[in-house]
1. Kindly indicate whether any position in the range 121-135 is surrounded by 21 or more Cβ atoms within 10 Å (Cβ to Cβ) and on the phi > 0 side of the Ramachandran plot.
2. So, of the residues in the range 122-163 that are hydrophobic (A, V, I, L, M, F, W, C) and at pLDDT below 95, which turns out to be farthest from residue 273 (Cα to Cα)?
3. Taking the criterion of being touching a strand residue (DSSP E or B) at 6+ places or on another chain (Cβ under 6 Å), without any contact (Cβ under 8 Å) to a residue 40 or more places away in the chain, open to solvent by 30 Å² or more (accessible area, probe 1.4 Å) and not small (Gly, Ala, Ser), would at least one residue in the range 220-237 satisfy it?
4. Which members of the range 242-267 meet the condition of being open to solvent by less than 20 Å² (accessible area, probe 1.4 Å) and over 13 Å from the mean Cα position of the chain (by Cα)?
5. With the requirement that a residue be part of a helix (DSSP H, G or I) and exposed (fewer than 13 other Cβ atoms within 10 Å of the Cβ), what does the range 97-114 give you?
6. Here's a check for you: in the range 42-61, which residue that is assigned to a helix (DSSP H, G or I) and modelled with pLDDT of 75 or more is surrounded by the fewest Cβ atoms within 10 Å (Cβ to Cβ)?
7. Taking the stated definitions as given, is residue 184 more than 22 Å from the chain's Cα centre (by Cα), in contact (Cβ under 8 Å) with a residue 12 or more places away in the chain and not in a helix (DSSP H, G or I)?
8. Pairs needed: first member in the range 240-253, touching a residue at least 60 places away in the same chain (Cβ under 8 Å); second member anywhere, buried (at least 17 other Cβ atoms within 10 Å of the Cβ) and in a strand (DSSP E or B); C-beta distance under 7 Å; at least 6 residues apart or different chains.
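The values are calculated or read from the model by the stated rules, or taken from the named source; none is laboratory data. Please read all numbers here as calculations on a predicted model, not as lab measurements. Methodologically, a virtual Cβ is constructed for each residue, glycine included, from the backbone with ideal geometry; neighbour enumeration extends over all protein chains shown. Protein only, heavy atoms only, side chains kept; ligands, DNA and RNA dropped before computing areas. Shrake-Rupley method; radii C 1.70, N 1.55, O 1.52, S 1.80 Å.
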Amino acid sequence: MDIQEIVQRVVDEVKRNMNSPKNDIDQNKEETINFPEERIKGVDKPHNAASIERAQSITPARIGIGRTGTRMLTTSYLQFLIDHAAAQDAVLRDVSDDFLQNMGLHKLETRANDMKSYLMDLDAGRKLSDEAIKYLEKNGEKGKDVQIIVCDGLSSSAVEANVVDLLPALIQGLKLKNISVAKPFFIKRARVWVQDEVAAIVNCDLVISLIGERPGLNTDESLSAYMIYRPTEKTVEADRTVISNIHKDGQTSVEAGAYLSDLIEQMLRAKCSGVTFAQQRNVNM
């Protein structure tokens, strides 16, 4: 049998498989591939296994994963692609309406009409849309001690993963301290500085933004809390206090809620936030 006959037989076999009913069923069926979440120990016969385990325990970096030739192992490479895809989804995917409804969060928007304008035009995400301003002027709870806002920021996944536990813990902690809290709401495509405009409209003493952090390859679920006391037009970044790395492998949501309520109580008492608050806190410690 010559080469042409062999090639033709292979082609005919492929065509038969492609046209078979079983193949049609398989093509329409989604295949789920599960990868282990635990750290991969891919170094074959390491000289010092303990040092690899110790290094892996203190950093989320991809170390000690082994290689095949000059490339990483297939499992490691596929996990890298999965983490990269999750990071992209966290940025581009919206927080679901069902989630907001279950949390009782009314949805407002900024002047960033789409993701492109949000990513390219920083000011668009720092200003409320005209409709959002009108809603807050009419329906926002005015004159409270604290206004909580939830923002998707750069990770919708962070919001959905953390706010369920963090928000109730934070509100409960504040109320136990007799601190008045305005009804929280959600702002789509928001950046941190949008809290300044919110504070001006609702006339609160302190505003806290729970906002999704820029996702990385280690986690796409990290949330930050930015707090500022009585922002003005002269407010700068140093006037804000931020607590970051709120996620299951960092500071957990419930722990963060309790800690933030204590921090806010101290800021309200000191009547400041940011660097000024940190300096006063250090003096009093």
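1. Looking through the range 121-135, none of the residues is surrounded by 21 or more Cβ atoms within 10 Å (Cβ to Cβ) and on the phi > 0 side of the Ramachandran plot.
2. Restricting to residues being hydrophobic (A, V, I, L, M, F, W, C) and at pLDDT below 95, the top hit is 161.
3. Yes, the range 220-237 has at least one match.
4. 256, 257, 260, 261, 263, 264, 267
5. Of everything in the range 97-114, those that are part of a helix (DSSP H, G or I) and exposed (fewer than 13 other Cβ atoms within 10 Å of the Cβ) turn out to be 97, 98, 101, 102.
6. Going through the qualifying residues, I end up with 50.
7. So residue 184 does not fit the description; no.
8. Partner pairs satisfying both residue conditions: 246/223; 246/224; 246/225; 247/223; 253/246.
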